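Below: the structure, in structure tokens.
What follows is calculated from the coordinates using simple rules that are stated; it is not laboratory data. Bear in mind that the values here come from a model prediction, so they are computed numbers and not experimental data. Virtual Cβ from ideal backbone geometry, glycine too; neighbours counted across all protein chains shown.
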Amino acid sequence: MPIKAASAKHARQSVKRTIVNRAVKTELREAIKKARKLIAAKKLDEAKVAVSVAVKLLDKAARKRTMPKNTTSRKKSRLMQALAKA
């Protein structure tokens, strides 16, 4: 257990942030998987919508610093490339 009040507060904040970040990352992974699955199935109209949703979530994660900017850029780029190839 933390001894100082500030340490206890930091521990509480850490728990809350972990829960939020985990939820954001889970939603993001599901969106990316859905987009990739639609691209693989050649359902391009639905894939475009799914990719745009995934890109929006990636941008949001980068803005909230849940994920590093370069990681989100790389993932967005690869999604866009896969969509363009299909």
> Which residues, taken from the range 60-79, are exposed (fewer than 15 other Cβ atoms within 10 Å of the Cβ) and part of a helix (DSSP H, G or I)?
Replying inline: 63, 69, 70, 71, 73, 74, 77, 78
> Do you know which residues across the range 43-86 are in contact with a Leu (Cβ under 8 Å, 6 or more places away or on another chain), touching a residue at least 24 places away in the same chain (Cβ under 8 Å), of a type outside the set (D, E, K, R) and over 16 Å from residue 21 (Cβ atoms)?
Replying inline: 44, 47, 51, 54, 55, 83, 86
> Within the range 28-49, restricting attention to residues that are surrounded by 14 or more Cβ atoms within 10 Å (Cβ to Cβ) and closer than 16 Å to residue 72 by Cα, which residue is nearest to the chain's Cα centre (by Cα)?
Replying inline: 28
>> Can you tell me how many residues within the range 21-42 are within 24 Å of residue 62 (Cβ to Cβ) and touching a residue at least 24 places away in the same chain (Cβ under 8 Å)?
In response: 10
